[in-house]
Amino acid sequence: MTDIDITYLQEWVGKQETKEDDISLFQAQALAAALDNEIIPQKGDELPPFWEWMYFLATPKACATGADGHPDKGGFLPLVPLPRRMWAAGEVELFNALVIGKPATRLSTIVSVELKSGTTGTLVFVNVKHDISQGSVLCISQVQNIVYREQPAADAPMPPVKEAPAEQDFTKMITPDPVLLFRYSALTYNGHRIHYDRTYATEEELYTALVVHGPLLVTLLLELQRDNVTDKALRKFKFRAVRPTFDSNSFIVSGKRDGNALSLWSADKDNALCMTVKAELSD
């Protein structure tokens, strides 16, 4: 196990950061266009769930950006001395919709830092809670689970295949392309090169192709829900990344409803489960 001073890293627990954003129209219209949506949002409309990740963005200077395109470690997030980091999972509770064009505030709190050992080596999990409000009204409360890990060996296997569910109520094929990945990276100010620099992704981080963003997969699953579940709104949901998705092949997003419970998932060309969402609909 890589030597990690977890006591030092846990000094970040309780640290808070506040950001403000005007929830501008451009990002919402640009994402709708990138997703090929027929309806383009307008000022005063409700922002769809999970689109808030285009706002409250950190904007590190070029000199404070690492070779991988991520911001340098430190600052609000703990200084975890592991090379890879990814958004592994999260949970979201929706109280009120964010309104496009209305100023909002996000209060972020580091709630835990944990050291674990897995099949891929040393792991550090950092959980961050974000509360987003407009005026004095809490709109969204979410927990972001970030995992830091060691660089895998060149011959390290992919995560084991878990087959996607056989039954679904609705499904859609998605054909990713570098333009979609680039646009989503730009809209979320995500400089991580695995999403747009094929040479870096395959030669430095040893992926087989460009990696589709986890949050983009969640967004696509929630768009499937918006298109197919029109009688009730989302109340809360949890998501988890199971396996990477690459731009080299089309993939499927699917969903199955059981009353107010909703399961959503993505599967790659081998029917391997990649991203899962477990959601609750409003009463």
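Coordinate-derived values only; no laboratory data. Remember, it's a predicted structure, so these values are computed and weren't measured experimentally. Ideal geometry is used to build each Cβ from the backbone, glycine not excepted, and the neighbour counts take in all protein chains shown.
With all pairs of separate Cα atoms included, region 217-271 yields a Kirkwood hydrodynamic radius of 12.3 Å. Out of all Cα-Cα pairs in region 1-122, roughly what percent, to the nearest whole number, are more than 25 Å apart? Across region 1-122, Cα pairs with separations above 25 Å total 41 percent.
Just add up the charged neighbours of Gln134: K/R +1, D/E -1, any other residue whose Cβ is under 12 Å from the Cβ of Gln134.
Net charge around Gln134: -4.
Looking only at region 75-90, which residues have a backbone nitrogen under 18 Å from a spot 7 Å from the Cα of Lys278 in the C-beta direction? So the set is 88-90.
In the chain, the C-alpha radius of gyration followed by the widest Cα-Cα span (Dmax) gives 18.6, 52 angstrom.
Note on Ala33 and Thr120: their simple-model spin labels are 3.5 nm apart, each label 7 Å out from Cα toward Cβ.
If you bin the C-alpha pair distances of region 85-156 every 5 Å from 0, what whole percents do you get? Percent of pairs per bin, in order: 4, 15, 20, 17, 13, 11, 8, 6, 5, 2, 0.
Mean residue ellipticity, 222 nm, helices only, the chain: the sum of -39500 (n - 2.57) across DSSP H runs of n ≥ 4, divided by residue count and rounded to 500, is -4000 deg cm²/dmol. Put a plus charge on the Cβ of each Lys and Arg, a minus charge on the Cβ of each Asp and Glu, and nothing anywhere else: the dipole of region 90-226 about its Cα centre is then about 460 debye.
Using a Gaussian network model of the chain in which every pair of alpha carbons under 10 angstrom is joined by a spring, one finds that among Val137, Val147, Val218 the greatest mean-square fluctuation is at Val137. A Förster radius of 30 Å, combined with the Cβ-Cβ distance separating Arg226 from Glu20, puts the computed FRET efficiency at roughly 0.65. Take every Cα pair under 8 Å whose residues are at least 6 apart in sequence, average their separation, divide by the length of region 119-234, and the relative contact order is 16 percent.
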